[in-house]
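Reviewing the structure listed below.
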Amino acid sequence: MIRIGGPASPYDPTYHLLLRFDKIAEIVERERPDVLEIHSPYLAALGALRADPRHYGIRTFQWHSDFIDTYAGVLETKLAKDESGRLAHAASRLVGPGTRPLWGLVRGIARRCDATLVAAAWQVDKLRGHGVPRVERVPFGIERSIFRPEARSYEARRDLLALAGHDASSETAVLVGVGRFAIEKRWDVVIDAFLRLRQTRDAILVIFGDGPERERMTARAKGSPDIVMPGFQKGREALAGSLASADALVHSCPFETFGLSIAEAMSCGLPAVVPDEGGAAEMHAEGAGERYRAGDVEACATAMARMLDRLASEGDGPRAAARAATARLPNVHEQFERQVALYKELLEQHGKPVN
């Protein structure tokens, strides 16, 4: 790993801007990689596109975070609360034209790459619909040796309940969420829905993660002792234990390009309550959870209640279905092998020997 210094991002200071294009070119010239891969359509792309083609084998574009129209979509969704629909309609008229030039930028990057890699089928359709060429799907893999039902334990459930001041013997339902506190993740939907659910159900909500929206989400929780945001869970084994020992995962982002946290939770045998758009919706499987209309607080609360009712009536059936649903996904080693095989195929097509 080679680190290049750069200023902090204005929105989230844990991210830094990759501005030293000269350093990128120097490193590529020195290392002579077989594959030069772009992981962002912004500054990183500009740096990689400036590298001399003589200094690498092939160039690829890894699309693992949705584009700027995601944020425009958040605005449109929020304005859709206007019952007349006029605000949402006005927003949609601005969003489309405003992002078209930006998709031209994406197409320009992709045309100068030998392949664009995505993890989910819906992203294949989206990118091809925007005219992005040479799109290849390589689903992300799950580390099943860690994210497994056997990670479930009395101790992990006790610790989850203790975060909200509940005793280990409590019959309180434990809902969990995992992800960054960023505007596109729509944790506001989950929090508002849980506050409605809590009026009639004995439950706690634990959201693992951190980010620039944490302070706003804390305020949105209105001081409820049953909503806990303990930050990031350190260690994959500890996270797997928390997931396997909860009752259901609740997710709200309709823009996930894949939904790895959902896949890992389901691999632990955790049923998932997810929106009906994006990678989260694609991760859903019959019997393994509930879906609700994206951005709809009432629908999310109702889906949570349905999930708890099913757990009470069906026992471990939803857990088994969640675990089985992840069988269609590769493990981490299979993903790695598939991706390397694609790189080698592209190198051979371009007559580039592997260094």
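Read the figures in this text as sums done on the coordinates, not as results from a lab. Not measured: the values here are computed from a predicted model. All Cβ positions, glycine included, derive from the backbone under ideal geometry; neighbour counts span all protein chains shown.
Calculated FRET efficiency, residue 153 and residue 293, Cβ-Cβ r, R0 25 Å, to nearest 0.05?
On the way: r = 35 Å, r/R0 = 1.39.
Calculated value: 0.10.
Students often get this wrong, so try it: which of [x] -0.28, -0.36; [y] -0.34, -0.44; [z] -0.39, -0.50 is log10 I(q)/I(0) by the Debye sum over Cα atoms at q = 0.07, 0.08 Å⁻¹ as calculated from the structure shown?
Comparing each candidate, only [y] matches the computed number.
How do 202, 247 rank when sorted from fewest to most other Cβ atoms within 10 Å of their own Cβ?
202, 247
Note down the relative contact order for the stretch 149-328 as a percent, whole number, built from C-alpha pairs under 8 angstrom at least six residues apart.
24
What ranking do 1, 266, 217 get, fewest neighbouring Cβ atoms within 10 angstrom at the top? Show your work: numbers first, answer last.
Values: 1 2, 266 30, 217 19.
The fewest-first ordering by Cβ neighbours comes to 1, 217, 266.
For a test of the definition: using alpha carbon positions, the gyration tensor, and the 1.5 limit on a/c, classify the stretch 149-328 as rounded, prolate or oblate.
rounded
What ranking do 183, 4 get, fewest neighbouring Cβ atoms within 10 angstrom at the top?
The most exposed by this proxy come first: 4, 183.
What stretch of the chain, leaving out the sites themselves, is the longest with no GluC sites (Glu not before Pro) in a DSSP loop having at most 10 other Cβ atoms within 10 Å?
172-285
Gaussian network model of the chain, Cα springs within a sub-10 Å range: biggest mean-square fluctuation belongs to which of 330, 33, 13?
Judging by the Gaussian network model, the answer is 13.
Just want to confirm a number: the relative contact order over the stretch 148-238, from Cα pairs under 8 angstrom separated by 6+ residues, in percent.
Rounded, it is 30 percent for the stretch 148-238.
Work out how much length residue 22 to residue 102 would gain on full extension: take 0.36 nm times their residue separation and subtract the Cα-Cα distance, in nm to one decimal.
26.3 nm
Given a Förster radius of 22 Å and the C-beta distance between residue 163 and residue 200 as r, what FRET efficiency does 1/(1 + (r/R0)^6) yield to the nearest 0.05?
0.50
Work out, step by step, the length gained on full extension between residue 344 and residue 14: first 0.36 nm times the residue separation, then minus their alpha carbon distance; give nm to one decimal.
Between residue 344 and residue 14, full extension yields an extra 115.4 nm.
With r as the distance between the Cβ atoms of residue 234 and residue 49 and R0 = 41 Å, compute the FRET efficiency 1/(1 + (r/R0)^6) and round to 0.05.
Step by step, r from the Cβ atoms, then E = 0.65.
Which of 169, 242, 224 ends up with the largest GNM mean-square fluctuation for the chain, with Cα atoms connected below 10 Å?
Comparing 169, 242, 224 in a Gaussian network model of the chain, the most mobile one is 169.
Normalising by the residue count of the chain, find the relative contact order in percent from Cα pairs under 8 Å and 6+ residues apart.
16
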